[in-house]
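Everything on this sheet refers to the single structure shown next.
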Amino acid sequence: MAHALAYEGEAREALHLWKFRGVYTLTAPFAEKLVPLILALPNPFQTAPIVPVPPHPWRLFGKDYHPVSLLAAELARRTNRPVHQVLAKRALHRPQSALDRSERQKNIRGTFTVSGPVPPAVVLLDDVCTTGATLREALAVLRRAGARDTAAVTLARTP
């Protein structure tokens, strides 16, 4: 799992503005930080589609955007690869940010489902990795659905 930023200080503040305040103008600079990581992935990921970690539809209520989907679209444009929205959240759980490590792992189990064919290689994209529970669960679902090769990239990682 590769990440571009440490989730602390100014980077954390900027991520909060982007995720929770709708400061869309941060999408392009954040994508710029991730482009080198994605381009450096080895075969078979050099042309693999980007699969954003989805929100539960209720989490979008009252919003006109999903930050990770915006970031995926910007990365697709900059790296000349498609976005495959093949993951869906089928269960509404407590936000992972409110939980400790063991609770996060239990909370996320059974959350994701696949909606459509999964390519043989995928690059999973999420905004922040804390314990890795969300990424591990999403990657496991993608593998069970047919992805032979999986990679994960996040914008930030907690120190």
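Coordinate-derived values only; no laboratory data. Here the structure is a predicted model, which is why all the values come from computation and not from measurement.
For the pair the stretch 19-50 and the stretch 144-159, the centres of their Cα atoms are 13 angstrom apart. Once the chain from T25 to E10 is taken as fully extended at 0.36 nm per residue, the excess over their C-alpha distance is 3.8 nm.
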